[in-house]
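The next block holds one structure in the form of structure tokens; read it before the comments.
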Amino acid sequence: MFKKRLLLSTVAILAILLSNFAFAASIVNGNFNTDLTGWDVLTNGGSVQWDAGSAMLSTGSGDAPYSSVLVQGDDGNFSFNNPLLLGPGDDFLKFDASFLSLGADAQETGAGLFADNLQLWLYDANNLGDVLLAEIDALTNATSFSISLASYIGHSVAFSFELNDENDGLDSKVALDNIRLEQASINTVPLPSTLLLVIIGWFGLVRNVVRADQKVQS
Ligand SMILES: [Ca+2]
Ligand SMILES: [Ca+2]
């Protein structure tokens, strides 16, 4: 009897542990070690290619919004076949982005008000609101970026990196790498009170089983 209760309580603890830690999402192939597996690509005058362990987005001749797009969680057509469900621990989206100029584009007049730029969009699979998480000018010197996702836990989303080719007279490219979801701090996750109570009860059952065995043996 005691052993049966012990087994049931152990199963309950495992279920609670899994329910608390199984919901964090993860970016598939965010380090682009060998290819662009896990990502969908769309281009409109630009290009997206795997290059030496990163994803290389480039603008092309003329200017076009969203000249090259790399997206995960959606195929680019908002069908959301494989959205990322953000859960506890998905506190930040972090990535590296290194920009390089491709020089003058003779098809651009340079009359535009904006430089080529990379936009990072969060698209919500359930129409709870799409969000422009970041807009990074191609002339920036920064290479590492961290975006808080605290407001979007529980949402099913797609992340879309979109390189815009503005009429600035130039073409640009950006190497994306190390795209990942990170927890704010791995040392500050409190144990839910219900889980603590179950663990305490489990130790009580173990003690009773040991005592019962000792009685049988004596
Ligand atoms: Ca261009
Ligand atoms: Ca341009």
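Find the residue count for region 48-83, including only residues that are in contact with a Gly (Cβ under 9 Å, 6 or more places away or on another chain) and acidic (Asp, Glu).
Selection size over region 48-83: 1.
Could you give every pair whose Cβ atoms fall below 7 Å, whose first residue belongs to region 45-56 and is under 26 Å from GLU108 (Cα atoms), and whose second residue is away from ligand 1 (no atom under 16 Å from the Cβ) and of a type in the set (S, T, N, Q), counting only separations of at least 6 or pairs across chains?
Short answer, once both residue conditions are applied: MET56/GLN49.
For region 141-174, how many residues are exposed (fewer than 14 other Cβ atoms within 10 Å of the Cβ) and either within 23 Å of LEU42 (Cβ to Cβ) or under 23 Å from the mean Cα position of the chain (by Cα) (or both)?
So the count comes out to 8.
Tell me, which strands (runs of 3 or more DSSP E) lie completely within region 84-157 with 3 or more residues that are within 16 Å of ligand 2 (Cβ to nearest atom)?
92-104, 117-124, 131-137
Would you point out which residue out of ALA111, ALA106 is more than 25 Å from ALA175 (Cβ to Cβ), more than 16 Å from the chain's Cα centre (by Cα), without any contact (Cβ under 8 Å) to a residue 60 or more places away in the chain and surrounded by fewer than 17 Cβ atoms within 10 Å (Cβ to Cβ)?
Of ALA111, ALA106, the one residue that is more than 25 Å from ALA175 (Cβ to Cβ), more than 16 Å from the chain's Cα centre (by Cα), without any contact (Cβ under 8 Å) to a residue 60 or more places away in the chain and surrounded by fewer than 17 Cβ atoms within 10 Å (Cβ to Cβ) is ALA111.
Read the figures in this text as sums done on the coordinates, not as results from a lab. Nothing here was measured: the structure is a model prediction, and the numbers come from that model. Quick reminder, even Gly has a Cβ in these numbers, built from the backbone with ideal geometry, and neighbours come from all protein chains shown.
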